[in-house]
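The values are calculated or read from the model by the stated rules, or taken from the named source; none is laboratory data. Because the structure is predicted, anything quoted here is derived from the model rather than measured. Quick reminder, even Gly has a Cβ in these numbers, built from the backbone with ideal geometry, and neighbours come from all protein chains shown.
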C-alpha cells in the first residue's frame with residue numbers, strides 16, 4: 001500500500017486539529033516511505049521556517065521507520081551525519097515526527113514543526129492516528 005493524497009491530507013487535518021487544541025501554529029509534512037513529500041500544510045500564522053523542520057523530521061522518521069526523536073541522541077555519529085549528507089542535508093534528527101504503517105508495512109511519515117519537540121510529536125501522532133481504523 002502507498003499513501004494517497006486524500007489520506008495525507010487527512011493526516012494533516014488531524015495534526016492541525018491537535019495543534020489548535022494546544023494553541024500552537026504548526027507546519028505539517030507527510031512523506032511517502034522513501035521520504036519524498038506527498039502533502040504539506042502550514043497553519044495561518046505559522047512560522048515559515050517550521051516547514052523545513054517538519055519535512056526534515058518526516059524524512060528522518062520514514063528513513064529509519066521510527067519516531068524522529070529517537071534518533072536525536074545519535075545525530076552526531078559519523079554514520080548519521082553521512083546519511084544526512086547523502087540525503088542532501090534535508091534530514092533532521094529531532095523530536096516531532098512519527099512513521100505511518102499500514103498492515104505492518106512502512107508507508108510514510110508525518111512530521112511537524114512549530115511547537116516544542118513534545119508538542120510537535122503529539123500533533124504528528126494525532127495526524128498519523130487518523131489512518132488507524
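Quick notes
- Considering residues of region 8-27 that are in contact with a strand residue (DSSP E or B) (Cβ under 6 Å, 6 or more places away or on another chain) and outside any helix (DSSP H, G or I) only, the residue surrounded by the most Cβ atoms within 10 Å (Cβ to Cβ): 26
- Taken over region 21-37, residues that are closer than 19 Å to residue 117 by Cβ and more than 10 Å from the chain's Cα centre (by Cα) amount to 6.
- Any hit, region 77-90, residues being within 20 Å of residue 107 (Cα to Cα), at pLDDT below 95 and in contact with a helix residue (DSSP H, G or I) (Cβ under 6 Å, 6 or more places away or on another chain): yes
- All positions within region 103-131 that are in a loop (DSSP other than H, G, I, E, B) and under 12 Å from residue 14 (Cα atoms): 130, 131
- Pick from region 39-95, criterion touching a residue at least 60 places away in the same chain (Cβ under 8 Å) and assigned to a loop (DSSP other than H, G, I, E, B), ranking: surrounded by the most Cβ atoms within 10 Å (Cβ to Cβ): 46
- A single member of 98, 30 is farther than 16 Å from residue 4 by Cα, touching a helix residue (DSSP H, G or I) at 6+ places or on another chain (Cβ under 7 Å) and not in a helix (DSSP H, G or I), and it is 98.
- Residue match in region 113-131 (condition: more than 10 Å from the chain's Cα centre (by Cα), on the phi > 0 side of the Ramachandran plot and modelled with pLDDT under 95): no
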